[in-house]
Amino acid sequence: NTVLFKDEQVLGYNTDYKAAMDCLENSLGGAVPPGTPSPLENKRVLVLGAGGVARAVMYGLQRRGAKTTIASRTRSRAQFLADSFGGRCVEWSARHIDTEIIVNCTPIGMHPNVDESPLNKSMLKPSMIVFDTVYNPESTLLLKEARSHGCRIVTGVEMFIRQAELQFLLFIGKEAPKEL
């Protein structure tokens, strides 16, 4: 999602992957030193959706040793991502499984459909992390319900900001000013 033209080369980067993993690791206590196992290692993660951001999330989770399950309204796309990244695929109708982390990569809950959620709130437990990559609105119905059940939440705006920081670094060559 980020392309640089440098020294007659075209360089492509994916800031979705790194931003999403930074968000999740931060929700588990913060970044870990290089060479140290990720706090995502062996965590059971349910990824909802099979589009571009789901692909980036599945890639990052695989690299960090998470145990992933993916469900999408388009089963074939979910199966392809599961096969590509060593995850498990379940039917959309079977997505309400026991898990520790939920990552919504669908547009469900995005403006103007703000009264929709990709999950039944009865599956939410206080020990869970719920990450909704939707950023408009920031507080989706899924996140409101997760908050009311005592879950730790991660918003799409958090991911969006982390992406912007990474893009700034790539484009400008230095860290983004924190006040921005």
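The values are calculated or read from the model by the stated rules, or taken from the named source; none is laboratory data. The structure displayed is predicted, hence computed values, not measured ones. Virtual Cβ from ideal backbone geometry, glycine too; neighbours counted across all protein chains shown. We work out accessible area using only protein heavy atoms, side chains counted, and drop any ligands, DNA or RNA first. Shrake-Rupley method; radii C 1.70, N 1.55, O 1.52, S 1.80 Å.
Relative contact order of the chain, taken over Cα pairs closer than 8 Å and 6 or more residues apart, is 19 percent.
Largest accessible area first, the listed residues VAL130, VAL10 line up as VAL10, VAL130 when surface is computed with a 1.4 Å probe on the assembled protein chains. Spacing of the modelled spin labels on LEU169 and ASN136, each 7 Å from Cα toward Cβ, amounts to 2.7 nm.
3J(HN,Hα) along segment 130-139: 10, 10, 10, 6, 5, 10, 9, x, 5, 9 Hz, from the Karplus curve 6.51 cos²θ - 1.76 cosθ + 1.60 with θ = phi - 60°, whole Hz, x for Gly and Pro.
Averaged over its residues, the chain has an accessible area of 53 Å² per residue, based on protein heavy atoms and a 1.4 Å probe. Remark on ARG88: its backbone amide H falls under 5 Å from those of THR68, THR69, ILE70, a criterion applied only to residues 5 or more positions apart or on other chains, H modelled at 1.01 Å from N.
Contact order for segment 54-98, expressed relative to its length and based on alpha carbon pairs under 8 Å spaced 6+ residues apart, stands at 36 percent. Per-residue surface analysis assigns ARG55 an accessible area of about 110 Å², computed on protein heavy atoms at 1.4 Å probe radius. Helix-only arithmetic for the chain: the sum of -39500 (n - 2.57) across DSSP H runs with n ≥ 4, divided by the residue total, places the mean residue ellipticity at 222 nm at -10500 deg cm²/dmol. Computed from the Cβ-Cβ distance with R0 of 35 Å, the FRET efficiency linking SER127 to VAL3 stands at 0.30. Overall shape: oblate for segment 1-110, with the ratio a/c of the largest to smallest alpha carbon gyration tensor axis at 1.5 or above and b/c at least equal to a/b. Ordered by 1.4 Å accessible area with all protein chains kept, ILE153, ILE102 run largest first as ILE153, ILE102.
Contact order, relative form, for segment 104-180: 27 percent (alpha carbon pairs under 8 Å, 6 or more residues apart, mean separation divided by residue count). Comparing Cα centroids, segment 77-104 and segment 34-57 end up 11 angstrom apart. Here the calculated FRET efficiency for TRP92 and ASN113, from their Cβ-Cβ distance with R0 = 22 Å, stands at 0.85, rounded to the nearest 0.05. Couplings 3J(HN,Hα) of segment 55-67, computed from phi: 4, 4, 5, 4, 4, x, 5, 4, 4, 9, x, 6, 9 Hz, in residue order, whole Hz [Karplus 6.51 cos²θ - 1.76 cosθ + 1.60, θ = phi - 60°; x for Gly and Pro]. From the alpha carbon centroid of segment 141-180 to that of segment 14-31 is 9 Å.
When the Cα gyration tensor is reduced to axis lengths a ≥ b ≥ c, the ratio a/c is 1.5 or higher for segment 78-130, and with a/b not above b/c it is classed as oblate.
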